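Throughout, read-outs are computed from the coordinates displayed, never taken from laboratory work. Please read all numbers here as calculations on a predicted model, not as lab measurements. Note that each Cβ is placed from the backbone with ideal geometry, even for glycine, and that neighbours are counted across all protein chains shown.
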2 protein chains.
Amino acid sequence: MGGDNAPAEIVAGAVQAVRERGVPVVLVGQPRVLQQALAAHDAGAEIPIVRAEEALAMDEGALASLRRPKSSIAVACHLVRRGDAAAVVSAGSTAGAVTTGRLRLRAQQGVLRPAIAVTLPTRPRPTVLLDAGATADAKPEMLVQFAHLGIAYAEVGLGIAQPRVGLLTIGSEAEKGNKVAKRAHELIAAAPGIDFAGNVEGHDLLTGKVDVVVSDGFTGNVALKTLEGTVRYTFGQFREAIGESPLARLGGLLQRGRLRELADRLDPEAYGGAVLLGLTGTLVIAHGSSHARGIAAACDLAARLSAQGIVARIGDRIAAAPKSHRLW
Amino acid sequence: MGGDNAPAEIVAGAVQAVRERGVPVVLVGQPRVLQQALAAHDAGAEIPIVRAEEALAMDEGALASLRRPKSSIAVACHLVRRGDAAAVVSAGSTAGAVTTGRLRLRAQQGVLRPAIAVTLPTRPRPTVLLDAGATADAKPEMLVQFAHLGIAYAEVGLGIAQPRVGLLTIGSEAEKGNKVAKRAHELIAAAPGIDFAGNVEGHDLLTGKVDVVVSDGFTGNVALKTLEGTVRYTFGQFREAIGESPLARLGGLLQRGRLRELADRLDPEAYGGAVLLGLTGTLVIAHGSSHARGIAAACDLAARLSAQGIVARIGDRIAAAPKSHRLW
């Protein structure tokens, strides 16, 4: 029920996931509304519906999820908790999804805080950035765990062997950063089981220098949105530059195919969404503006992560990590 | 003496500033080296040299500036302090320039911490982002002062009347952010003399939504470098897309002029560099990779800020601001 284009595009994406990717989907929400949307695809018999009469509005934010135990996201999390579904996909409010996920799916044993992981379109393989906004005031000990969550995601979700980890800060030397980053650097450098490449900076995010970039949720969210906004801005400027003179416009026509490919690759929808890691179940948060294609990709990602045991992999890493003596 | 292309490009930039922009320049550094570089432009008689035998290396960082009272940046700051120069331009280590500036030029009365201001290439007018890295662990009260510094810079340096201020955080609602940002939001909203537009996010940096974006130095530095890295990455991807097929390459040739213009506008060198605000003198920090054009633009900016009284303007704003009762 959540997302700027709900329910039509969400349902269309679910139908795509079932028909084109073979992912079995259950829709959670208002049956009448969903049945109608399914009917448009003649898919009423293919996709079961679980009733949830309420829904979190996009602007309701974190607190509303506490007040609405019958919201579609809360009911969907409950299905996972009961074992009736393997993972949740939502295009609704990120804050709502994070809060509901934490409340209904709970943190995995030993995990201090969950983190949102996103993949950046680097080549030849994507880069994982986390936390992209679940925990705004993170402690250094949480950043060490984020490294473990990110490694598990890179291995299980992206098939990257021995992922290298970087810490997002403001200079390459160990002592560069704010207090949280400096202490996190010490802890990650000393942690067994983490292939730590040291500090990375904002301009390293798209160079593929490391496989996993660790950050507190505030900085990670600002960096991710800056990156997305800058891609959008630069594309707009290109389009303007191409469109301005007749000669240039002709050139633009000749390139249109290539540019569309590039735009597609840099489109956040193509990545399949962000993943909330560290809970007892997998929760994929699709972009609020997702269309069918983005939803289908998110369903595919959720199915893959669940089938390949991301929760167990994280559990193993956290269990193997030495416990911090002093937390906060 | 500082910068990746020192001394040749720095001296060439100084010559450009004198000859093309009418900015009187004094060079500070090793006389023999500088005389040689000036001779290449036949400019030995136009630009005086002040001797400084030492220089901070690019990788020496903050502490070295304490150990080297005779470095070129320290001597240059001393010239300003004595009134023999109006402002300093450096392409050397940012950390070294900030530390030396704070030590030799001191903070203006009432200013808690200096901030680095940069201008982003929005249209029709640029956007000021600060702090871009001077103070990694900023308190909320410092962010309120950064708003005043940014307003003064937008007015004096960029000619923007009644600049609107935004706070860089992770959601548009007042309660979105980490603890520092949330408290800063309350303080800035209550501060007289600040036209506060509320929170802005990473994707707002290039939209020109506000004139001044306030941030702690850690987040601001990550955002700035992410933005620069993403522009570079997207350009590279475009170039690749354009170069791949013969037809597309023909298109690229037709557009080359437009794209070069765009690349120029998005090039950090074109902005003239970052400015360290809040000290008793003006210090412009050019990009370490600056060539002559960037250095000339930085000299121009330094001359303009000094001539138009940026220090006095900041002093007036800070003096007029109500004092915080509880600092730390």
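In chain B, helical runs assigned H by DSSP with n ≥ 4 each contribute -39500 (n - 2.57); averaged across all residues and rounded to the nearest 500, the mean residue ellipticity at 222 nm is -15500 deg cm²/dmol. Report the local net charge at A:Asn178: Lys and Arg +1, Asp and Glu -1, summed over other residues whose C-beta lies under 11 Å from its C-beta. Its environment carries a net charge of +1.
Taken along the Cα-to-beta-carbon direction at a fixed 7 Å, the label points for B:Leu66 and B:Thr122 span 3.8 nm. Largest GNM mean-square fluctuation across B:Gly13, B:Gly171, B:Gly198, computed for chain B with C-alpha springs under 10 Å, falls on B:Gly171.
Label positions at A:Lys179 and B:Glu175, each projected 7 Å from the Cα along the C-beta direction, are separated by 2.6 nm.
For region B:162-204, just run the numbers: alpha carbon Rg, then divide by 2.2 N^0.38 Å, N being how many residues it has.
Numbers: Rg = 9.8 Å, N = 43, 2.2 N^0.38 = 9.2 Å.
Expressed relative to 2.2 N^0.38 Å, the Cα Rg reads 1.06.
Inter-copy label distances for B:Gln36: 8.1 nm (label point placed 7 Å from Cα along Cα→Cβ; shortest first). The mean sequence separation of alpha-carbon pairs under 8 Å and at least six residues apart, normalised by the residue count of chain B, gives a relative contact order of 24 percent.
Taking N as the number of residues in the protein assembly as shown, what is its alpha-carbon radius of gyration divided by 2.2 N^0.38 Å?
Values: Rg = 26.5 Å, N = 656, 2.2 N^0.38 = 25.9 Å.
Ratio of Rg to 2.2 N^0.38 Å for the protein assembly as shown: 1.02.
A simple spin-label model places the labels of B:Ala320 and A:Thr207 4.4 nm from each other, with each point 7 Å out along Cα-to-Cβ.
Estimate the FRET efficiency between B:Asp4 and B:Ala191 by the formula 1/(1 + (r/R0)^6), using the beta-carbon distance for r and 41 Å for R0, to the nearest 0.05. If you can, show how the numbers build up before the last one.
Numbers: r = 40 Å, r/R0 = 0.97.
About 0.55, to the nearest 0.05.
With the convex hull of its Cα atoms as the shape, chain A has an orientation-averaged projected area of 18.0 nm². With a threshold of 18 Å on the Cα-Cα distance, the over-threshold entries among B:Lys182/B:Lys209; A:Lys225/B:Lys209; B:Lys139/B:Lys179; A:Lys139/A:Lys323 are B:Lys182/B:Lys209.
Shortest first, A:Lys70 label-point distances to identical copies amount to 8.2 nm, with the label point at 7 Å from Cα along Cα→Cβ. Taking chain B as a Gaussian network of alpha-carbon nodes connected by springs under 10 Å, the highest mean-square fluctuation of the residues B:Ile170, B:Ile314, B:Ile285 belongs to B:Ile170. For the pair A:Ala307 and B:Arg21, a Förster radius of 56 Å applied to the C-beta separation gives a FRET efficiency near 0.30, rounded to the nearest 0.05.
Using a Förster radius of 25 Å, what is the FRET efficiency between A:Gln35 and A:Ser289 based on their Cβ-Cβ separation? Nearest 0.05, please. Show your work: numbers first, answer last.
Details: r = 25 Å, r/R0 = 0.99.
The value I calculate is 0.50.
What the phi angles of region A:218-227 give under the Karplus curve with 6.51, -1.76 and 1.60, with θ = phi - 60°, is a coupling list of 6, 5, x, 5, 4, 5, 4, 5, 5, 4 Hz, glycine and proline written as x.
Around A:Glu54, under 12 Å between beta carbons, what's the net of Lys plus Arg minus Asp minus Glu among the other residues?
Details: positive: A:Arg51, A:Arg67, A:Arg68, A:Lys70; negative: A:Glu53, A:Glu60.
Summing Lys/Arg as +1 and Asp/Glu as -1 gives +2.
Karplus-derived 3J(HN,Hα) values for region A:137-151, using 6.51 cos²θ - 1.76 cosθ + 1.60 with θ = phi - 60°, are 9, 8, 8, x, 4, 5, 5, 4, 5, 4, 4, 5, 4, x, 5 Hz; glycine and proline are entered as x. For B:Glu240, inter-copy separations between label points set 7 Å beyond Cα along the Cβ vector come to 2.6 nm, shortest first. Placing a label point 7 Å from the Cα of B:Ala107 along the Cα-to-Cβ direction, the residues of region B:150-173 whose backbone N falls under 20 Å from that point are B:150-153.
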